[in-house]
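A.B. asks: Below is a structure I'd like to ask you about.
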Amino acid sequence: MTADFDVIIVGGGPAGLMAAGVCAGRGLRAALFEKNRELGRKLRITGKGRCNVTNRCSPAEAAAAAVRGARFLRGAMERFGPEDVMAFFESLDVPLKTERGRRVFPQSDKARDIAEALTVFAQGQGARVLQEEVSGLLLGEGRVRGVRTARGEYRAKSVVLACGGASYPGTGSDGKGYALARSAGHRVTEIGPSLVPLVEEEGGWCPQLMGLSLRNCGVKVTEKGKKKPVYEDFGELLFTHFGLSGPTILSASAYLRPMEPHKYTVHIDLKPALDEAQLDARLLRDLEAHKNQFFANSLGELLPKKLIPVVIERSGIGPGTRCHSVTKEQRRGLLGLLKGFTVEIKGARPLAEAIVTAGGVDLREVDPRTMQSKLCPGLYFAGEMLDCDAPTGGYNLQIAFSTGHLAGQNA
């Protein structure tokens, strides 16, 4: 079985759907190959089903937010940046809203509205959708010639690989696209998890705090032997049976490369609204107010109930110590603990649990002006397949939309 197209797009996620719609809108015969029965399957569950579409920032800020690939992304962001993405979805009757951190969501809080709007866009422009898994590229005379599936060969002048990464493999994002890239001579950098929970070293405190969510805390990550923090943020954090999760931790994970045991330490500021002098004054007041009571009974107004036993144990102040007996040195130690509650990191959770994939097609082998391969004419890349990733906040979907749009304009 053979069929001829101008462009074949492999992958029906955000980058692939964008590329397919843009190609078809140019009057090209575009075919989108997706092995899942449902388009945008991973997109439909992103952001806990709410879908953080983009970030309301400038194109330069969106590119600079990338942990890897910031310079590579500048041109794509300038051509189709956050404001363009917002205008695009609102033109498809998906009203948006902006929340804390300039995060942009559909007003409905339903990720499926974004996925369905992209599907309508691609098919409405005339892209043909084929539910088939691409098993190989057709290569010849130094360029790409089409794709191969179980049903046969499909020829095209250009092929856009937008197969996703290797996180959440159950959604079809199983890393098989990297084999297609390698078959065309491309190097794929080391693959790993990004935007993923962190695992605490054995014998730590997190299991005792499992389920405790801190909505407003400061987070700083340091690397052994280095003074400058690897990452700093403020926001929500969650203690789990294995370690730490929550938005601040997921974003922090993007910066921890390479991940190795005993390398990173998370410092949690439990009272970020108070500087050390203010917190010390607060401790003095609380100790004075409870001066004849046990120290263990003086922290109820300062800390969540679940945190108190751990803080008492780590402070070294016996729970049966009377508040009036707490020494200045003990108080200073408690102050340091509250402003820097440490968790030693062993590693990250598996790639299958990560929101995005770190690593991908080597950016040195892709033209940032067009997304075309420098090694194989006619072959283009878009989205998570590329060695680009960013922290939480809508930046990763923006990368998908920008690179998908640029590939669609040039394929």
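Read the figures in this text as sums done on the coordinates, not as results from a lab. None of the values given here were measured: they were computed from a predicted structure. Don't worry about glycine lacking a Cβ; one is built from the backbone with ideal geometry, like all the others, and counts go over all protein chains shown.
A.B. asks: Taking only the C-alpha atoms, wrap a convex hull around the stretch 112-202 and report its volume per residue in Å³ as a whole number. Could the numbers behind the result be given before it?
C.D. replies: Working: hull volume 13.6 nm³, N = 91.
Per residue, the Cα convex hull of the stretch 112-202 comes to 150 Å³.
A.B. asks: Using only helices, what value at 222 nm comes out for the chain when you add -39,500 (n - 2.57) per DSSP H run of length 4 or more and divide by the total residues, to the nearest 500 deg cm²/dmol?
C.D. replies: Helices in the chain give a 222 nm mean residue ellipticity of -8500 deg cm²/dmol.
A.B. asks: Which entries of Lys42/Lys346; Lys42/Lys176; Lys157/Lys374; Lys35/Lys157 have Cα-Cα distances beyond 19 Å here?
C.D. replies: Numbers: Lys42/Lys346 28 Å; Lys42/Lys176 15 Å; Lys157/Lys374 16 Å; Lys35/Lys157 22 Å.
Lys42/Lys346; Lys35/Lys157, as the Cα separations exceed 19 Å there.
A.B. asks: Can you work out the Karplus-derived ³J(HN,Hα) for every residue in the stretch 74-91? Use 6.51 cos²θ - 1.76 cosθ + 1.60 with θ = phi - 60°, whole Hz, and x for glycine or proline.
C.D. replies: Going residue by residue, I get 3, x, 4, 5, 5, 7, 8, x, x, 5, 5, 4, 5, 5, 4, 6, 5, 5 Hz, with x marking Gly and Pro.
A.B. asks: Taking a quarter of the surface of the Cα convex hull of the stretch 1-143, what do you get in nm²? Show your work: numbers first, answer last.
C.D. replies: Working: hull surface 40.7 nm².
Approximately 10.2 nm², given one-decimal rounding.
A.B. asks: If Lys and Arg each add +1 and Asp and Glu each add -1, what is the summed charge of the other residues whose beta carbon sits under 11 Å from the beta carbon of Glu236?
C.D. replies: Local net charge: +1.
A.B. asks: State the Kirkwood hydrodynamic radius of the chain in Å, one decimal place, computed from all pairs of distinct Cα atoms.
C.D. replies: Working: mean 1/r = 0.0435 Å⁻¹.
So the Kirkwood estimate lands at 23.0 Å.
A.B. asks: Could I ask something else about it? Expressed as a rounded percentage, what relative contact order does the chain have, with Cα pairs under 8 Å and six or more residues apart? Kindly include the intermediate steps, with their values, before the conclusion.
C.D. replies: Working: 1000 pairs, mean separation 101.3, N = 411.
Taking the mean separation of contacting Cα pairs over the length of the chain, I get 25 percent.
A.B. asks: If you filter the stretch 125-221 for trypsin sites (Lys or Arg not before Pro), then keep DSSP loop positions with at most 14 other Cβ within 10 Å, what is left? Before the final figure, lay out each step's value.
C.D. replies: Details: sites: Arg128, Arg143, Arg145, Arg148, Arg151, Arg155, Lys157, Lys176, Arg182, Arg187, Arg215, Lys220; in loops: Arg151, Arg187.
The qualifying sites are Arg151, Arg187.
A.B. asks: Okay, moving on. If the only charges are +1 at each Lys and Arg Cβ and -1 at each Asp and Glu Cβ, what is the size of the charge dipole of the stretch 2-91 around the Cα centre, to the nearest 20 debye?
C.D. replies: Values: 14 positive and 9 negative charges, 88 e Å.
With Lys and Arg at +1 and Asp and Glu at -1, about 420 debye.
A.B. asks: Cross-link partners among lysines for Lys291, C-alpha distance below 30 Å, same-chain residues fewer than 8 apart left out?
C.D. replies: Hits, sequence-local ones excluded: Lys271, Lys305, Lys306, Lys328, Lys339.
A.B. asks: Something else about it: What's the center-to-center distance, using Cα atoms, between the stretch 100-177 and the stretch 220-254 in Å?
C.D. replies: Taking the Cα centre of the stretch 220-254 as reference, the centre of the stretch 100-177 is 33 Å away.
A.B. asks: With only alpha-carbon pairs counted, each pair once and no self-pairs, how large is the Kirkwood hydrodynamic radius of the stretch 222-350 in angstroms? Working shown, then result.
C.D. replies: On the way: mean 1/r = 0.0620 Å⁻¹.
Mean inverse Cα-Cα distance, inverted, gives 16.1 Å.
A.B. asks: For every other residue with a beta carbon closer than 11 angstrom to the beta carbon of Phe295, add +1 if it is Lys or Arg and -1 if Asp or Glu, then tell me the sum.
C.D. replies: Working: positive: Lys291, Arg322, Arg331; negative: Asp286.
Taking every Cβ under 11 Å from that of Phe295, the sum is +2.
A.B. asks: So, one more: For the stretch 99-155, what is the relative contact order in percent, using Cα pairs closer than 8 Å and at least 6 residues apart in sequence? Please list the in-between numbers first.
C.D. replies: Working: 41 pairs, mean separation 10.6, N = 57.
RCO, the stretch 99-155: 19 percent.
A.B. asks: Determine the percent antiparallel among the DSSP beta bridges restricted to the chain, to the nearest 5.
C.D. replies: Details: 49 of 68 bridges.
Taking every DSSP beta bridge with both residues in the chain, the antiparallel ones total about 70 percent.
A.B. asks: Could I ask something else about it? Mind putting a number on the dipole of the stretch 85-173 about its Cα centre? Charges go on the C-beta only, +1 for Lys and Arg and -1 for Asp and Glu, and I need it in Debye to the nearest 20. List each step's numbers first, then the result.
C.D. replies: Working: 13 positive and 10 negative charges, 54 e Å.
Rounded to the nearest 20 debye, it is 260 debye.
A.B. asks: Follow-up. Roughly how many debye, to the nearest 20, is the charge dipole of the stretch 276-339 about its Cα centre, given +1 on each Lys and Arg Cβ, -1 on each Asp and Glu Cβ, and no other charges? Provide the component values of the computation, followed by the final result.
C.D. replies: Values: 11 positive and 7 negative charges, 12 e Å.
It comes to approximately 60 debye.
A.B. asks: List the GluC sites (Glu not before Pro) within the stretch 269-332 that fall in a DSSP loop (any state other than H, G, I, E or B) and whose Cβ has at most 10 other Cβ atoms within 10 Å. Mind showing how you got there, number by number?
C.D. replies: Working: sites: Glu276, Glu288, Glu301, Glu313, Glu329; in loops: Glu301.
When the GluC sites (Glu not before Pro) of the stretch 269-332 are filtered for loop state and at most 10 Cβ neighbours within 10 Å, Glu301 remain.
A.B. asks: Counting other Cβ atoms within 10 Å, keep those with at most 10, restrict to DSSP loop, and tell me which trypsin sites (Lys or Arg not before Pro) in the stretch 53-102 are left. Write out the running numbers ahead of the final one.
C.D. replies: Working: sites: Arg56, Arg68, Arg71, Arg74, Arg79, Lys97, Arg100, Arg102; in loops: Arg56.
Listed in order of number, the matching sites amount to none.
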